[in-house]
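**Q** Sharing a structure below in structure tokens format, with a few things to ask.
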Amino acid sequence: VEETYIMVKPDGVQRGLVGEIISRFEKKGFKLTGLKLFECPKELAQEHYKDLQSKPFFPKLIEYITSGPVVCMAWEGVGVVASARKLIGSTNPLQAEPGTIRGDLAVQTGRNIVHGSDSPENGKREVALWFKEGELCQWTPSLEPWLVE
Ligand code: GTP
Ligand code: MG
């Protein structure tokens, strides 16, 4: 089944938005399979965002992501990758639609409070990068029959 890596960035943690952000994915009906508060080492941030290595903002991005604890999450569900990106909204919060996390709660690209994997392949890659095997939980939510037929 499809999985995605969602992360509350340091600004989201500092601003007290962890519960609000988790709640959006919970209410939607996706399944949480991993969750931790974590101080991200520089090397991990660089590996996570390696596709953006050549961008002028890369050093600032690494500084931002490592500036305080982040909340790491793994979520599962059919279509979860694209749906989570929709719930999160556009990269630039000023362009993100109202009703999305960034559209409702942020104002700047460099402080856009949450990350979501951009493809099912990257979802798998990022969940494996941020979580050890024993940190993930496979479970069956009792509400599942009320969410999927
Ligand atoms: P993520 O879910 O965090 O991967 O965001 P995204 O997929 O919407 O955007 P992208 O992968 O292109 O960029 C990753 C992150 O780099 C963004 O979420 C921003 O935090 C940051 N970023 C992207 N573009 C800029 C920029 O032009 N300036 C700054 N300061 N940060 C940027
Ligand atoms: Mg991205």
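Here, each number is a calculation from the coordinates, and none is a lab measurement. This is a predicted model, so every value here is computed, not measured. Note that each Cβ is placed from the backbone with ideal geometry, even for glycine, and that neighbours are counted across all protein chains shown.
**Q** Measuring from label point to label point, each 7 Å out along Cα→Cβ, what is the Gln138 to Arg111 span in nm?
**A** Taking the simple label geometry, Gln138 and Arg111 are separated by 4.2 nm.
**Q** Which of the aspartates and glutamates could a cross-linker span from Lys9 if the Cα-Cα distance has to be under 14 Å and same-chain partners fewer than 8 positions apart are dropped?
**A** Straight-distance partners of Lys9: Glu20, Glu39, Glu63.
**Q** Could you tell me the center-to-center distance, by alpha carbons, between the stretch 14-30 and the stretch 94-149 in angstrom?
**A** What the calculation gives is 10 Å, centre to centre.
**Q** Which whole number of Å³ per residue matches the convex hull of the alpha-carbon atoms in the stretch 2-71?
**A** Numbers: hull volume 7.2 nm³, N = 70.
Measuring per residue, one finds 103 Å³ for the Cα hull of the stretch 2-71.
**Q** Restricting to the chain, what percent of DSSP beta bridges are antiparallel, rounded to 5? List each step's numbers first, then the result.
**A** Details: 17 of 18 bridges.
Beta bridges within the chain, antiparallel portion: roughly 95 percent.
**Q** Go through 13-25, 47-59, 132-144, 104-116 and give me the packing order, highest mean Cβ count within 10 Å leading. List each step's numbers first, then the result.
**A** Working: 13-25: 16.5, 47-59: 11.5, 132-144: 9.5, 104-116: 18.8.
Ranked by mean Cβ neighbours within 10 Å, highest first: 104-116, 13-25, 47-59, 132-144.
**Q** Return the subset of Lys27/Lys60; Lys27/Lys55; Lys60/Lys124 for which the Cα-Cα distance in this structure is over 29 Å, preserving the input order.
**A** Working: Lys27/Lys60 33 Å; Lys27/Lys55 35 Å; Lys60/Lys124 26 Å.
The answer is Lys27/Lys60; Lys27/Lys55.
**Q** So how far apart, in nm, are the two label points at Glu47 and Ser67 if each is 7 Å from Cα heading toward Cβ?
**A** Output for this residue pair reads 2.4 nm.
**Q** What is the diffusion coefficient of the stretch 95-149 in µm²/s, taking the Kirkwood radius over Cα pairs and the Stokes-Einstein relation at 20 °C with a viscosity of 1.002 mPa s? It would help to have the intermediate numbers written out before the result.
**A** Values: Rh = 14.5 Å.
In µm²/s, the coefficient is 148.
**Q** Now a separate question. How many percent of all Cα-Cα pairs in the chain sit more than 27 Å apart? Please report the intermediate quantities before stating the final value.
**A** Details: 1807 of 11026 pairs.
For the chain, the fraction of Cα-Cα distances above 27 Å is 16 percent.
**Q** Shifting gears a bit: Let me have the relative contact order for the stretch 1-147, percent, based on Cα pairs under 8 Å that are six or more residues apart.
**A** Details: 234 pairs, mean separation 54.1, N = 147.
That works out to 37 percent.
**Q** State, as an integer percentage, the relative contact order of the stretch 1-70 based on alpha-carbon contacts under 8 Å between residues 6 or more apart.
**A** Averaging sequence separation for qualifying contacts and normalising by length gives 50 percent for the stretch 1-70.
**Q** Can you pull the one-decimal nm distance between simple spin-label points at Asp104 and Gln14, each 7 Å off the Cα toward Cβ?
**A** Output for this residue pair reads 2.3 nm.
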